[in-house]
Amino acid sequence: MSRVRLMSAWIILLSLLVICRPTEAEEFNIKAKAAVLMDPESGRVLFAQNERQRLPPASVTKVMTMLLIMEAVDSGRVKWDDKIPTSATAAGIGGSQVYLKEGETFTLHEMFKAIAVVSANDASTAVAEYLYGSGEDFIAAMNKRAQQLGLKNTHFANETGLPDPNHYSSAYDLAVISRELLKHHKILEYTSIRKDSLRDGRFVLYNTNDLIKVYPGADGLKTGHTAEAKFCLAATAKRDNLRLLSVILGAASNAERVAQTRRLLDYGFRTYERRVVRRKNATVGEIGFAEAQPAKVAVKVGADFTVLSERANAKPVITRLVKAENLRLPLAAGAKVGFLKAYQGETKLGQTPVYTTQPVKKANFLVLGWRALVNFIKNLLGMKVR
């Protein structure tokens, strides 16, 4: 073989190696039965591994239990200082517990702390019975909420996560529930507690989530472990302006679930960043109204508009203003009239509502007649109508 042909063969081989080299996302995997990494702000899945597989979730179940409690508090049905009694059923539930005795009473705040910090099954059952009158009705509410969230691979048989053939979920479904739970910002006040106590300091609570002790920015969310489920963890961490949410099911040990969660979160923080597109109350353009006075109205965003993008993507983030349909005049100042959408190339990164900066009144017949005349003349002269 001549030197030229040999060189050509080497060039072709090297080119194929470069083309066929897998990306980091393709190479990356987690040592667990299933895993998901999610952007909780948008719900975008950043990494998935067997994410739809139905698996026993153990006490990660309690992300739904805690969600229903948080929603009950926010709706005003219960208060944090409500006194929660312990039934015989709750006292005898078994598994992870704070050893509640029948008739023993704690505030909802104390019961919730026991659930969030040490995954107390007895506290979970006591609160479930208090909220819905019976454990069965609370479980029905759990499954109804799962349906409302559109979950396809979840069914709850209890509020604790104790083993049951009809009790299952998936890494993706648990991430969706956890995302909903994170909308209640008070949850992180509980899940970030490392050490606390009950019974006037006589019973110490140590957080079962070792991740919050070793990973910068980690402040939740819920552990789980049974012989069947192995070691599970729904976790969240925040660095700068980026929060990530991960779920790992079926790790081999506590050390492994912590290590694999760290790897998953590290991958997310290394790969993605949150970019600020527009700051709160920034004017982002004008929207036209054919029958309004004025005909064009400046609009603004109501909150900081941020999007998630890959750090390695150098393409600029561009925005497009889209008017809502079926708007009826008049409109008050601050009325929602459309969306500002953000794109990177052809990829849509997100959107946020836009609002009028002034009232939009319906134009009178003289103004509408004048506009019609002007447009008619422009068309007659072959001018482009604006």
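The values are calculated or read from the model by the stated rules, or taken from the named source; none is laboratory data. Just so it is clear, the structure is predicted and the values come from calculations on it, not from any experiment. So basically every Cβ, Gly included, is an ideal-geometry build from the backbone, and we count neighbours across all protein chains shown. Note: areas computed on protein heavy atoms with side chains; ligands, DNA, RNA excluded. Shrake-Rupley method; radii C 1.70, N 1.55, O 1.52, S 1.80 Å.
The criterion of being surrounded by 15 or more Cβ atoms within 10 Å (Cβ to Cβ), under 16 Å from the mean Cα position of the chain (by Cα) and closer than 24 Å to R54 by Cβ does not hold for R243. Counting the residues of the range 331-380 that are at pLDDT 70 or above, more than 30 Å from E310 (Cβ to Cβ) and of a type in the set (V, I, T) gives 5. All told, Y172 falls short of being at positive phi and of a type outside the set (K, R). Which residues, counting only those in the range 86-118, are farther than 30 Å from Q147 by Cβ and surrounded by fewer than 19 Cβ atoms within 10 Å (Cβ to Cβ)? Those that are farther than 30 Å from Q147 by Cβ and surrounded by fewer than 19 Cβ atoms within 10 Å (Cβ to Cβ): A88, A91, G92, Y99, K101, E102, G103, E104, T105, T107. Checking each residue in the range 314-342 for being open to solvent by 70 Å² or more (accessible area, probe 1.4 Å) and β-branched (V, I, T) picks out only I318. For the range 132-172, a tally of residues being surrounded by fewer than 20 Cβ atoms within 10 Å (Cβ to Cβ), in a loop (DSSP other than H, G, I, E, B) and of a type in the set (D, E) returns 1. For the range 253-261, the condition holds for no residue, the condition being that it is open to solvent by 40 Å² or more (accessible area, probe 1.4 Å), among the basic types (K, R) and outside any loop (DSSP other than H, G, I, E, B). Among the residues of the range 94-131, those identified as part of a loop (DSSP other than H, G, I, E, B) and in contact (Cβ under 8 Å) with a residue 40 or more places away in the chain are G94, G95, S96, V98, Y99, S119.
Considering the conditions (1) among the hydroxyl-bearing types (S, T, Y); (2) open to solvent by less than 30 Å² (accessible area, probe 1.4 Å); (3) within 24 Å of the chain's Cα centre (by Cα), T125 is excluded by exactly one of them, (3). The strands (runs of 3 or more DSSP E) found entirely in the range 29-93 that carry 1 or more residues being free of Cβ contacts under 8 Å to residues at least 40 places away in the same chain are 83-85.
If only residues of the range 219-240 that are among the small types (G, A, S) and surrounded by 18 or more Cβ atoms within 10 Å (Cβ to Cβ) are counted, the one that is farthest from T105 (Cα to Cα) is A237.
Would you confirm, using the coordinates I've provided, whether G217 is touching a residue at least 40 places away in the same chain (Cβ under 8 Å) and under 24 Å from the mean Cα position of the chain (by Cα)? Answer is no for this residue.
Among the residues here, I287 does not qualify as open to solvent by 20 Å² or more (accessible area, probe 1.4 Å) and either assigned to a strand (DSSP E or B) or at positive phi (or both).
Quick check, is P216 in a loop (DSSP other than H, G, I, E, B), touching a strand residue (DSSP E or B) at 6+ places or on another chain (Cβ under 6 Å) and open to solvent by 10 Å² or more (accessible area, probe 1.4 Å)? Here the answer is no, as P216 does not meet what is asked.
Annotation note: of K280, K300, K296, the sole residue that is among the charged types (D, E, K, R), under 30 Å from L329 (Cα atoms) and crowded, with 17+ Cβ neighbours inside 10 Å is K300.
Selection within the range 343-360: residues that are assigned to a strand (DSSP E or B) and without any contact (Cβ under 8 Å) to a residue 12 or more places away in the chain. The member of this set that is least open to solvent (accessible area, probe 1.4 Å) is T347.
Counting only residues that are farther than 22 Å from I287 by Cβ and part of a loop (DSSP other than H, G, I, E, B), the range 300-324 holds 6 of them.
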